Every structure is written in structure tokens, then in C-alpha cells.
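The values are calculated or read from the model by the stated rules, or taken from the named source; none is laboratory data. This one's a predicted model, so the numbers in the text were calculated from it and none came from an experiment. Methodologically, a virtual Cβ is constructed for each residue, glycine included, from the backbone with ideal geometry; neighbour enumeration extends over all protein chains shown. Heads up: the accessible areas ignore ligands, DNA and RNA and are worked out on the full protein's heavy atoms, side chains in. Shrake-Rupley method; radii C 1.70, N 1.55, O 1.52, S 1.80 Å.
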Amino acid sequence: MWGGRFADGPAAVMREINASIPFDKRMWRQDIAGSKAHVTMLGARGIVTAADAATIADGLDAVAADYAANGVPVDLDLEDIHMMTEARLAERIGAVAGRLHTARSRNDQVATDFRLWVRDAIDEVIAALGAFQAALLARADEHADAVMPGFTHLQSAQPVTLGHHLMAYHEMIARDLSRFADARRRMNRCPLGSAALAGTGFPIDRDATAAALGFDAPTRNSLDAVSDRDFALDYLSAATQCSLHLSRLAEEFVLWASQPFGFVALSDQWSTGSSIMPQKRNPDAAELVRGHAGRIMGCMTSLMVTMKGLPLAYSKDMQDDKPPVFDAHDLLALSIAAMTGMIASATFRTDRMRSVAESGFATATDLADWLVREANLPFREAHYVTGRAVKRAEELGVALDALSLDDLQAIDARIDARVYDVLSVDASVASRTSFGGTAPANVRAAIRAAREDG
């Protein structure tokens, strides 16, 4: 490729460090699509003849079929997927293949290919997250009224329902979906035609190539177009946030599957055993999802550090933009699939959840609220009275609703028998009817709304 300017070939190490074909070969579909759009435009504008354009397009189809059947070969001398495709094209159609690169550079070519790849990756993630949400909705519907302890500081706080808990993750994933969709909209401009950095003197039609590739419009500035990797960082940012949400649920599964909790039994499909302890059922899939979140964060940091000091326009550092994005995408896809499978197949031990909810004085807030509503106490005084009731229940080793009326009235004479209407966990969750609350009726309404929203 450099024969007109360089007398000697690259050193062996230079040849290896300079080549990106080992990883950028996965963009072959996008490279073929971009090249076909480009040559079609060249033919339509008369920059190459119609016959040459047709020959090149047919040749690109043949190269694509070969890649699909046999994979992309790795040849470090050809450096990247762009030169590999051009070389394979030349093997098939001869010297006319050299006309394909008229009015473009590898700089705008790779920027286009990479945008197309990230756009496809976003579409895959959106579809996978939709399936994950469907699994969450199905299990939330199944357990809309199953009482469990709600936690703050990992201490029993107030009773909630399992359906409400699962719908919290549905909300997180909805925000993730919006981030990916926003990233897709923002990136959907086509760099092709920006050439190396300054545009081209050929009478190209950038609107035509943008439309052919499904972009909303061409990019507006050639310098920015070839050096912009914001779209990749947007993807990594959304992927990182999504991985954090998956990791939080994975952590809960790890805790819930432990014997002290006993809230969930993971299926054999999503568990592993021990090489030495036959009794073990380890939540390894959840632990790996939790671990993948750290690696995905690292991918984002890697690309941010690569881009932070680069002057305009293209620098070879940017060749390292793709491995972190590819790695993050692969890890995120695995994590989403694993969490979807775990949610769909898990056995939730709702009897155990209820038992823990009933044993942790989780209805203490309900007692305080009752004192405010029915006995007209200021909340701070009601909080104090309730604290004394909890202390008495602890002394007797009973739940709050097992305290006798005499015990309660000894603490505060304004308490009467109506208080027992709010001290059970079922009464507690049923009372939380404020919008977004845990009442089973609210949970079912939220599920219906989510399904209607699609």
C-alpha cells in the first residue's frame, strides 16, 4: 500500500502493532455495506462508470458471501478489514477494484463502519433488554402480592411485595433503554464522504450514501466526522449504567440464594457445584454478571483515556477504540442473557420471605403512622412511642402484632384495638396505595401500564 512512498517494508513489530485485522474483522458486514453504498453513489454521479460500479458491487457481494461461509482471514500485511476487503475484491475482479476507494479515505471509512457496528449493537441490546423486561414483568405479575421484607442498610425496613421489588428493576431497565435509544438517535449521521479530514473535490452525493446506509443525514464537519468517537463513548456509558443495574440484581440473587436468606433457589441451569463440597450450589452466573460490570466500566475508562488528549483529526491511537467497545458489548450481551434466564427460571421461596418480613418489626412505621392518624400524635412523638413498642416486643421475643393490647396501652394509653388492623404485613403492604407504592393493586396497575407502553 505504501510502495510509492516507502522503499522498505515495516519492521516485524511495527507490522504487528499496526495491524487491526485481528479485531476489526468483525466489522466486515458494515464494511461491505459502506463500500456498496459508496460505489453505487460513485456510479450514479458518473465518478466511475456504471459498468465499473456494477462490477465492483457484484464483487463485494461475492466477498461478503466468502466471509459469511469461511470467516475473514487474518493477514497482518493487509492491516485492517478495509484493506482486506479491497484485496479480496481485487482477486475477484482485477484492477477495477482500485476505483472503489475514489473520493474516500480509510478515516471516513472506519468512522462509518464503526458507527454502523455500534448502531447494530444498540439494536441488539434493545431487543435483549426487551426480553429481560418481559421476564421481569411475568415474575412480578406472578408475585404481585407476595410479601417480602424491604431493606435499607440491608436491615429489615418495611414490608413490600416481591412484585414491587422486581418492578423496581423494570424501571431501571426502562431508563437503560432510553439511554441506548438516545445514543442511537444522536449518532445517526453518516461520516462517509468526509475523506481523510477535509472532504473531497469529487462531486459526491453524501445525502445519497447517508440514506442508503439508514442514517438520518451526513455529518456536518469533516474534521469532526473522522475524529469523533462520542458515539462509542455514549454506547459504553449506557452499557456501563446497564451493567450496574444488572450487577445490583445479581448481588441480590447471590444474597437471596444463600442459606441465611433462603429467598430464592436458582435452577440447575444457572448454578454450579464445588469440586470438593458435594452439597454446594453456587450462584456463579450471578457472580459473573456482577464481575462483568467492573470490566465494562473498565472498557469505558479505557476509551475515555485514549480520546482525552487527541488533537484533530485522526490519530493512530484511535485504532484502539474498537476493542473496548467490542469487549463491553460481548460482556453486556452475556450478562443480559444470564439475568433473563435466572429471572425466568428462579424459584422464589415466598414463604421464607414472608417469615422474615414478619420477624423484623417491619410494620413499625405502620404503627407510627396509625398513631399520627388515629391518636393525633406528632410524628416525632409517634416515632418515640413506636420505638418503645419495638423494644418491648424484642424483650418478649414476639412480633409487633403479637403484643397484647395491655402491653401497648402500658406504653401509651391512646392506643386502642383498632391498631391491629395495621400491624400485619398484609395490612401494611395493602395500605401503601400512594402512586408508585407497594400495594398489590398498584403493582398490578404498574405491570399493566408497562405492557401497554410496550
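How high is the relative contact order of the chain, in percent, with contacts defined as C-alpha pairs under 8 Å that are six or more residues apart?
Value for the chain: 16 percent.
Remark: the stretch 395-454 carries 56 Å² of accessible area per residue (probe radius 1.4 Å; ligands, DNA and RNA excluded). Simple spin-label estimate for Asp407 and Arg352 gives 2.7 nm between the two label positions (7 Å along the Cα-to-Cβ direction from each Cα). Based on protein heavy atoms only, the stretch 107-349 ends up with 42 Å² per residue of surface accessible to a 1.4 Å probe. Note on Phe379 and Glu171: with the Förster distance fixed at 22 Å, the Cβ-Cβ geometry gives a FRET efficiency of about 0.20.
Which net charge results for the neighbourhood of Asp234, defined as the other residues with beta-carbon distances under 12 angstrom from its beta-carbon, given Lys and Arg at +1 and Asp and Glu at -1? Residues close to Asp234 contribute a combined charge of +4.
Per-residue 3J(HN,Hα) values for the stretch 284-296, derived from phi via the Karplus relation 6.51 cos²θ - 1.76 cosθ + 1.60 with θ = phi - 60°, read 5, 4, 5, 5, 5, 4, 4, x, 4, 4, x, 5, 5 Hz in sequence order (x marks Gly and Pro). Need the C-alpha centroid separation for the stretch 294-338 versus the stretch 118-141, integer Å. Between the Cα centres of the stretch 294-338 and the stretch 118-141 lies a distance of 22 Å. A Förster radius of 51 Å, combined with the Cβ-Cβ distance separating Arg248 from Ala95, puts the computed FRET efficiency at roughly 0.30.
Against the globular-protein guess of 2.2 N^0.38 Å, express the Cα radius of gyration of the stretch 357-453 as a ratio, rounded to two decimals. Write down the numbers at each step before the final one.
Details: Rg = 15.3 Å, N = 97, 2.2 N^0.38 = 12.5 Å.
The value comes to 1.23.
Taking the longest Cα principal axis of the chain as reference, the axis of helix 350-359 is set at about 50 degrees.
Normalised by the number of residues in the stretch 107-349, the average gap of Cα pairs under 8 Å and 6 or more apart makes the relative contact order 23 percent. Contact order for the stretch 14-102, expressed relative to its length and based on alpha carbon pairs under 8 Å spaced 6+ residues apart, stands at 42 percent. Each eigenvalue of the Cα gyration tensor of the chain, multiplied by 5 and square-rooted, gives one semi-axis; in descending order these are 61, 22, 19 Å.
Computed from the C-beta positions of Arg220 and Leu255 and an R0 of 35 Å, the FRET efficiency is 0.10 to the nearest 0.05. You can think of it this way: the chain between Arg418 and Thr102 has 105.3 nm of extra reach, that is 0.36 nm per residue less the Cα-Cα gap. At full extension, Phe151 and Arg444 could sit 103.3 nm farther apart than now, given 0.36 nm per residue minus the alpha carbon distance. Accessible surface of the stretch 107-349, 1.4 Å probe: 54 percent of it comes from carbon and sulfur atoms.
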